[in-house]
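Asks: Here you go, one structure.
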Amino acid sequence: MNDLMTISYRKNTDDDRWVIPEVIDQDMYCVKSKLAELEPKKPNYVIDCGAHIGAFSIMCAQYLKNSDIISFEPNPDSFTYLNENARQFGRIQALNKAVALTDGTLNLYSPDQTDWSGRWTSIPNENEFLAVESVNLFEFINQLDKDVFILKLDIEGYEELLINSSQETDLKRIKTIIVETHTDHFNHQKLLDFGYHLLYNPHISAARQFVYSKN
């Protein structure tokens, strides 16, 4: 394994205050402690949406044996660090794009605090924004050559629109969904209706983060 101490990140931001301590040091999403045991034996994909600097992608590359990781990060600054980490840790394909319901472009709005490096959002606010390329997530997944073991969604509110607008066929190739919610409008019942069950809440942030799985 590569040395986790060599991760590329922005100092004195949420990168080293929250992201690395929680996702890497404490294994917040339980990649090492739980998901590695559930990984299918056949080759598969992990899709990391809102990959930020790539902390979750790195954990998957380190501890999942049969998974290739595709990491989406639309913020150009965060993508610089994601791309460096993808080269270092391997098995990570970094894409400087947003995920959405259609191919095209999205406006990406900056956070209110400059040290919140990962919290750019497609939900409109009064701050500056960038126009970024977007990819139809479900169409992208259904065109892959292997099934998806994990779809991770941490996209600052847009995950609600994706899941709430999804059809059962959109999720048919996805075994596990990790989602960080940002309001109370996420449709958890839809995932249950589509055959998922709540596998666990990450213990660090259980109020907002959910891991769903199909049997």
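Just so you know, all these numbers are worked out from the coordinates, no wet-lab data involved. Fair warning: this is a prediction, and the values are worked out from it, not measured in the lab. Every residue, glycine as well, gets a Cβ built from its backbone with ideal geometry; the counts of neighbours run over all protein chains shown.
Asks: So what is the relative contact order for the chain, in percent, with contacts set as C-alpha pairs under 8 Å and at least six apart? Spell out each step's value before the answer.
Replies: Numbers: 418 pairs, mean separation 36.5, N = 215.
Once normalised by length, the contact order is 17 percent.
Asks: Continuing with the same structure: So which trypsin sites (Lys or Arg not before Pro) in the stretch 9-58 are both in a DSSP loop and have at most 10 other Cβ atoms within 10 Å of their Cβ?
Replies: Numbers: sites: Arg10, Lys11, Arg17, Lys32, Lys34, Lys41; in loops: Arg10, Lys11, Lys41.
The qualifying sites are Lys11, Lys41.
Asks: So, one more: Taking every DSSP beta bridge that has both residues in the chain, what percent is antiparallel when rounded to the nearest 5?
Replies: On the way: 16 of 39 bridges.
Around 40 percent of the beta bridges assigned by DSSP in the chain are antiparallel ones.
Asks: Set the Förster distance to 30 Å, then compute FRET efficiency between Asn107 and Asn201 from the Cβ-Cβ distance, nearest 0.05. List each step's numbers first, then the result.
Replies: Values: r = 32 Å, r/R0 = 1.05.
Efficiency, rounded to the nearest 0.05: 0.45.
Asks: Cross-link candidates for Lys190: which lysines have Cα within less than 29 Å, leaving aside residues fewer than 8 places away along the same chain?
Replies: Lys190 reaches Lys32, Lys34, Lys41, Lys42, Lys97, Lys146, Lys152, Lys172, Lys175, Lys214.
Asks: Please give the contour-minus-distance gain from Asp16 to Ala131: 0.36 nm per residue of separation, less the Cα-Cα distance, rounded to one decimal in nm. It would help to have the intermediate numbers written out before the result.
Replies: Numbers: separation 115, 0.36 × 115 = 41.40 nm, distance 2.71 nm.
Stretched out fully, the Asp16 to Ala131 stretch lengthens by 38.7 nm.
Asks: Residues in the stretch 177-215, backbone N under 13 Å from the label point at Leu38 (7 Å along the Cα-to-beta-carbon vector): list them, ranges by number please.
Replies: It comes to 177-179, 196-203, 210-215, nothing else.
Asks: Next up: Report, in debye and to the nearest 20, how large the dipole of the stretch 1-98 comes out about its Cα centre when Lys and Arg carry +1 and Asp and Glu carry -1 on their Cβ. Write out the running numbers ahead of the final one.
Replies: Values: 11 positive and 14 negative charges, 71 e Å.
The dipole magnitude comes to about 340 debye.
Asks: I've got another one for you. Would you give the gap between the C-alpha center of the stretch 36-64 and the C-alpha center of the stretch 142-215, rounded to a whole Å?
Replies: Each part reduced to its Cα centre gives a spacing of 15 Å.
Asks: In the stretch 4-214, if the dipole is taken from +1 on Lys/Arg beta carbons and -1 on Asp/Glu beta carbons about the Cα centre, which of Cys60, Ala36, Ile70 is farthest to the positive end?
Replies: Most positive-ward Cα: Ala36.
Asks: Please state the charge dipole magnitude for the chain, taken about the Cα centre, from unit charges on C-beta atoms (+1 on K and R, -1 on D and E), reported in debye and rounded to the nearest 20. Spell out each step's value before the answer.
Replies: Working: 20 positive and 32 negative charges, 189 e Å.
With Lys and Arg at +1 and Asp and Glu at -1, about 900 debye.
Asks: Can you give me the orientation-averaged projected area of the convex hull built on the Cα atoms of the chain, in nm²? Show your work: numbers first, answer last.
Replies: Values: hull surface 43.7 nm².
Result: a mean projected hull area of 10.9 nm².
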